[in-house]
Every structure is written in structure tokens, then in C-alpha cells.
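What follows is a set of notes on a single structure, which appears directly below.
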Amino acid sequence: MALMDNLMNAAAQMLGGKDSNGTGPLSDMAMDLVKQQGGLSNLISQLQQGGLGDTLNSWVSNQAGNLPVSGSQLQQALGSDTVNQLAQKFGVDASQASDMLAKILPDLVDKATPNGSAQDADGFGL
């Protein structure tokens with residue numbers, strides 16, 4: 001788990017999701033979601049099964065540009081229970097939590113899959 005935490009922190013820092021103290025709500029929430037899902041490849045699978053396949057393909061692909069995702073799309077794909085748990089943990093409502101995740105997940109998945117393959121995500125340690 002320490003390797004996964006270190007690599008998640010590195011990815012979050014590359015995305016600018018951390019403040020000067022080394023923490024940030026966006027990256028912390030994303031890291032918690034990835035851990036809750038059992039790894040980034042499991043999260044990717046969950047989002048694909050939730051109807052975000054084309055969007056995810058743009059995040060994983062080596063092509064320029066990530067398709068955007070809305071908070072409501074993420075909430076539908078992840079399930080209300082998952083989003084509500086994160087929201088409660090981070091002291092925000094479910095809508096805010098899903099909107100925050102919508103801001104960071106495209107870049108996080110993109111950075112964690114540099115070779116354009118979702119299988120790379122867990123190889124990256126996420």
C-alpha cells in the first residue's frame with residue numbers, strides 16, 4: 001500500500017492537486033476513491049460499466065484531449081452510495097463531491113496510463 005500511496009501522491013502533485021502543505025481536497029478525494037475501488041483499473045472498470053466507456057477511452061488514450069465528464073455522470077456511474085460515502089468523509093454534499101471528482105479524474109487517469117492502456121494503471125501502482 002505504501003507504494004500505491006507514494007505513486008498516487010506523485011500523480012496528484014503532477015496534476016497540481018496539492019497545496020503547499022502536500023495535501024489537497026481534490027487529490028485526497030480521488031486517492032480515497034481509488035483505494036475504495038481496489039485500484040485504478042477497478043475504478044476504470046466501474047466507470048466503463050456505468051456507461052462512460054467512450055469518455056474513459058479518451059482519458060486512457062495517447063491522443064490529445066480528455067473528454068469532460070459531469071459530476072452527475074460520475075455519480076450515476078459510481079453509484080450514489082459510493083459518492084455519498086466520499087462526500088460524508090470530506091464534509092461536502094454528494095453533488096460537490098461528484099463535481100470535484102469530475103475535475104480531477106480525467107487527468108489522473110490520463111497521467112496514470114501514459115502508454116494508452118488501462119492495464120498500465122495498476123502497473124503504475126495505482
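Table for the structure above
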| item | result |
| --- | --- |
| Members of the range 76-96 that are among the small types (Gly, Ala, Ser), assigned to a helix (DSSP H, G or I) and over 28 Å from Asn62 (Cα atoms) | Ser80, Ala87, Ala94, Ser95 |
| Residue within the range 87-106 that is open to solvent by 10 Å² or more (accessible area, probe 1.4 Å), among the hydroxyl-bearing types (Ser, Thr, Tyr) and more than 19 Å from Gln37 (Cα to Cα) present | yes |
| In the range 53-75, the residues that are not in a helix (DSSP H, G or I) and not β-branched (Val, Ile, Thr) | Ser61, Asn62, Gln63, Ala64, Gly65, Asn66, Leu67, Pro68, Ser70 |
| Any hit, the range 26-42, residues being more than 20 Å from Leu78 (Cα to Cα) and at pLDDT below 90 | no |
| Selection count where residues are open to solvent by less than 30 Å² (accessible area, probe 1.4 Å) and either touching a Lys or Arg at 6+ places or on another chain (Cβ under 6 Å) or on the phi > 0 side of the Ramachandran plot (or both), scope the range 61-86 | 1 |
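The values are calculated or read from the model by the stated rules, or taken from the named source; none is laboratory data. Note that the structure is a prediction, hence the values are computed from the model and not measured. So basically every Cβ, Gly included, is an ideal-geometry build from the backbone, and we count neighbours across all protein chains shown. When the accessible area is computed, the model is the full protein with side chains, heavy atoms only, and any ligands, DNA or RNA have been set aside. Shrake-Rupley method; radii C 1.70, N 1.55, O 1.52, S 1.80 Å.
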